[in-house]
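Following: one structure in structure tokens, then a few remarks.
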Amino acid sequence: MRTTTVVIGAGHSGLAMSSCLSECSIDHVVLERHEVANSWRTQRWDSLRLLTPNWQCRLPGYSYGGGDPDGFMTMPEVVDFITDYAKFVAAPVMSGTPVSSVRRANGEYRVTTNQDEWRCQTVVVATGAFNVPHVPPLSDAVPSSVTTLTPLEYRNPEQLAEGGVLVVGASATGVQIAAEIQRSGRQVTLAVGEHVRGPRVYRDRDIHWWMEAAGVLDERYDKVDDIVRARRVPSMQLAGTPERATFDLNALTGMGVTLVGRLAGINEGRAQFSGSLRNKCELADLKLGRLLDTIDEWASANGLDSSAPPPHRFSPTVVDASPPLGLDLTSGEIETIIWATGFRPDYSWLDVTVLDGKGMIRHDGGVVESPGMFLLGTPFLRRRKSSFIDGARVDAQELIVELTDYLDRRASLARD
Ligand SMILES: Cc1cc2nc3c(=O)[nH]c(=O)nc-3n(C[C@H](O)[C@H](O)[C@H](O)COP(=O)(O)OP(=O)(O)OC[C@H]3O[C@@H](n4cnc5c(N)ncnc54)[C@H](O)[C@@H]3O)c2cc1C
């Protein structure tokens, strides 16, 4: 089978690229191992809503058209939104078609699936950045009496045994799961390392509205000092709820969650926590202050000071004078551990040597270090918002220019 471009993955990123390819009349297929929007169907917990507001759900030629622009979609709503988009752009999706290998031979790509081998000039990798939970090696030392779960396995508190829960990791996933489990009546201990604090609402507007308006979400990958680090920054502690609640650590301690430092080791059944909790919280408070400074400067420069409430700062994160440094995991106090310690992509099917030492694809703004290969949907690919739905929109619109340039260069070389 032959086509010009194979797009791998029918999440919003692959579909955004499909729309751009169609606009340029480039023949292509979108190969999807399961169904459109598979990650949202199968890899999210029940109560999850988008943390990006509905008005920010924008894809090339398409945007949220419902009656609640400031609300946050539930998972079934996200699945509908993406499925409707696939129909709207008439994406040539082949469902139930897992790609098992991509290799380069004789100046073209060979894409092997469970059905056919595709030959093509260009490949777009849109297989997602968050498909494999990252669980630290120290998890091997967890006593067998404790049940462990990843966020991909977690669905709701009812699936957990009664008893205490240790949630490891305090980014968006960790704080949301910790809050939900604490509300179910189980005592939650939250192990907190580096984190990014964020209020849902600031000066009467959604924090995402401010971050978009002030240009924070659009900050470009080639303008930040350390892009390797920027790509690893944890997600902001945010959730999308009808109440527009803030999910920072003060909100969690207000619910009764116990904060401890980063999980540093497990020795003879005893969890050991770092003593850096206060430092990590002070750093997060400082960075939140800087973000609000940026927002306030932008608001002043753009004449919003008279229409928005005045600037203010949030109370510092409250941390116990001496938070626990250890916890006996054999005493029965902790029944379950949830590893909210991040996600990784899965490129086990990729037989082109473009992975770095951490298993990430080497690329320059989505242009992969293999001619004619492109990447979409990973953190800070081209801008801070790249891993959000709205980020794939603009990234795809820019990458299609790179892709068509590549095809033009190939065509002119073939002519010469
Ligand atoms: C818990 C969580 C909450 C999030 N909340 C938000 C939010 O509020 N707002 C927001 O904008 N973003 C959010 N994101 C980020 C992001 O939008 C999602 O991760 C999104 O799913 C990424 O879209 P994608 O199209 O790049 O990848 P995916 O949606 O993961 O799509 C990749 C597709 O590729 C397919 N695939 C993978 N491997 C193969 C293969 N070998 N062969 C064929 N097909 C394959 C998969 O089945 C999948 O359908 C969240 C992410 C997570 C993990």
Looking at LEU403 and the list (1) touching a Leu at 6+ places or on another chain (Cβ under 9 Å); (2) farther than 21 Å from CYS24 by Cα; (3) touching a residue at least 60 places away in the same chain (Cβ under 8 Å); (4) more than 16 Å from the ligand (Cβ to nearest atom), which single condition is not satisfied? (2)
Report yes if ILE361 is within 16 Å of the ligand (Cβ to nearest atom) and closer than 30 Å to ASN114 by Cβ, otherwise no. yes
ALA191, sole failed condition from (1) of a type in the set (A, V, I, L, M); (2) surrounded by 24 or more Cβ atoms within 10 Å (Cβ to Cβ); (3) touching an Asp or Glu at 6+ places or on another chain (Cβ under 6 Å): (3)
THR341 - would you say it is modelled with pLDDT of 95 or more, in a loop (DSSP other than H, G, I, E, B), within 16 Å of the ligand (Cβ to nearest atom) and not hydrophobic (A, V, I, L, M, F, W, C)? yes
Using the structure shown, decide if LEU15 is within 6 Å of the ligand (Cβ to nearest atom) and open to solvent by less than 10 Å² (accessible area, probe 1.4 Å). no
Filter the stretch 59-83 down to the residues that are open to solvent by 50 Å² or more (accessible area, probe 1.4 Å) and touching a residue at least 60 places away in the same chain (Cβ under 8 Å) and list them by number. ASP70
Of the numbered conditions (1) touching a residue at least 12 places away in the same chain (Cβ under 8 Å); (2) open to solvent by 20 Å² or more (accessible area, probe 1.4 Å), ALA129 fails exactly one; give the number of that condition. (2)
Number of positions in the stretch 266-296 that are of a type in the set (Val, Ile, Thr) and open to solvent by 30 Å² or more (accessible area, probe 1.4 Å): 1
Identity of the residue in the stretch 364-400, open to solvent by 40 Å² or more (accessible area, probe 1.4 Å) and part of a helix (DSSP H, G or I), that ends up nearest to the ligand (Cβ to nearest atom): ARG393
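The values are calculated or read from the model by the stated rules, or taken from the named source; none is laboratory data. For clarity, every value in this text was computed on a predicted model and none was experimentally measured. Don't worry about glycine lacking a Cβ; one is built from the backbone with ideal geometry, like all the others, and counts go over all protein chains shown. Protein only, heavy atoms only, side chains kept; ligands, DNA and RNA dropped before computing areas. Shrake-Rupley method; radii C 1.70, N 1.55, O 1.52, S 1.80 Å.
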